[in-house]
1. Below 13 angstrom from the Cβ of Pro179, what's the summed charge of the other residues (Lys, Arg +1; Asp, Glu -1)?
2. Go through Glu80, Glu121 and list them by solvent-accessible area, largest first, probe radius 1.4 Å.
3. For Arg213, Arg291, give me the order by solvent-accessible area with a 1.4 Å probe, most accessible first, ignoring ligands, DNA and RNA.
4. Using the C-alpha gyration tensor of the chain, what are the square roots of 5 times its eigenvalues, in whole angstrom, with the largest one first?
5. Within the set Lys63/Lys173; Lys56/Lys103; Lys63/Lys306; Lys103/Lys183; Lys103/Lys173, which residue pairs have Cα atoms separated by over 31 Å?
6. Evaluated at 10 °C with a viscosity of 1.306 mPa s, what Stokes-Einstein diffusion coefficient in µm²/s does the range 89-211 have when Rh comes from the Kirkwood expression over alpha-carbon pairs?
7. Amide H neighbours of Ile146 under 5 Å, at least 5 residues apart or on other chains, H built in the peptide plane: list them.
8. Can you find, among Ala82, Ile123, Leu21, the residue sitting farthest towards the positive end of the charge dipole of the range 17-143, where Lys and Arg contribute +1 and Asp and Glu -1 at Cβ?
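The values are calculated or read from the model by the stated rules, or taken from the named source; none is laboratory data. Every value quoted in this text rests on a predicted model; they were computed, and no experiment measured them. Cβ placement follows ideal geometry from the backbone for every residue including glycine, while neighbour counts extend to all protein chains displayed. All accessible areas refer to the heavy atoms of the entire protein, side chains included, with ligands and DNA or RNA removed. Shrake-Rupley method; radii C 1.70, N 1.55, O 1.52, S 1.80 Å.
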Amino acid sequence: MMLAPKLSYHKELPMNLSIQLAPKHHQGLRLTNPVMTASGTFGYGTEYSHTFDIQKLGAIVCKGTTLEPREGNPQPRLAETACGVLNSIGLQNIGVQALVKEKAPVWASWHVPVIVNIAGETIDDYARLAEILDGVAGISAIEVNISCPNVKAGGAEFGANPKSAGEVTAAIKAATSLPVLVKLTPNTSDIAKVATAVAEAGADALSLINTLRGLAIDIAKRRPLLGNITGGLSGPAIKPVALYMVYEVVSVVDLPVIGCGGITTASDAIEFIMAGASAIQVGTANLTSPRAPFDVLEGIEQFMEKEGIANLTDLIGAALVEQGINC
Ligand SMILES: Cc1cc2nc3c(=O)[nH]c(=O)nc-3n(C[C@H](O)[C@H](O)[C@H](O)COP(=O)(O)O)c2cc1C
């Protein structure tokens, strides 16, 4: 990738943080700025819309949605770790019909785009979900979770394998006219191969990463701490892994990549953008402060102003260099 020239920013000129996340899609998916919320950490957005000016965000990604409502995994479902969290929520959600009936009409009155995150057990589940969401007012795009490590319905087996990841993507693309973002798992031996297969199958953008599979033990009980035994690790602990995977994937696909994993501050977000991400998602940081995405956005603006950068696109991939051997 060519390094973009640094354009100087003058206070009287507005800064441009907007980004096109689906440049190959007929409708496109334009965000006014690159800050999104990560699925499962910001509910349906409606929970926060009375407290925060959520319209300021680039986009909201809602909780993972399945064909039928789900109660989720047995408690406990959350365990704090050093610099992160292990969760095994198990895709607790209201189901797609209730989402279309109760949430989408509210989203239709917002100008911030809402992206629906979907999960299924079979390719048909995913295709059916995409079909149901197609054309529903208030829904701007679909994010496909083929990466939840906590339940069978989370599609992690699809996401770990390039062939099945491509097949799910193709089936969803055939079932909807909405832009399709595919969310990749780090729990695979070669994320670049999965990314390539998903891109070839027609994805409009990629989000990465979902959580890393992990375990915690309750030593008093001599048992795994989480009700589901294993969970997904997220938060600052996974940031270097996520950053590396973004760096790796942008070099093999010609699609916008959305970086996610441990982003807590504006400088975290800027690292992802410099590694090649076109947008970023704030996840676990919302659990301690739902202000986090707003602070991240403000910090990116301040950085651009300080550095004299007029367009966010000038920062994308600014740190990309040839990789060396590190052992
Ligand atoms: C409590 C919790 C629930 C989550 N639920 C979902 C989900 O429903 N669908 C999904 O694709 N990712 C889900 N994730 C993963 C996040 O969206 C994100 O990919 C991951 O946590 C890494 O980002 P972070 O370190 O900023 O949290 C969840 C994460 C957490 C912590």
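1. Working: positive: Lys24, Arg30, Lys173; negative: Asp134, Glu143, Asp204.
Overall, the nearby charge balance is 0.
2. On the way: Glu80 170, Glu121 90 Å².
Ranked list, largest accessible area first: Glu80, Glu121.
3. On the way: Arg213 135, Arg291 105 Å².
Largest accessible area first, the residues go Arg213, Arg291.
4. Values: eigenvalues 159, 105, 87 Å².
Each semi-axis is √(5λ); the values are 28, 23, 21 Å.
5. Numbers: Lys63/Lys173 21 Å; Lys56/Lys103 19 Å; Lys63/Lys306 35 Å; Lys103/Lys183 22 Å; Lys103/Lys173 23 Å.
The pairs that break the limit, which is 31 Å between Cα atoms, are Lys63/Lys306.
6. Values: Rh = 14.3 Å.
Rounded, D is 111 µm²/s.
7. Residues meeting the amide H criterion: Lys183.
8. Leu21
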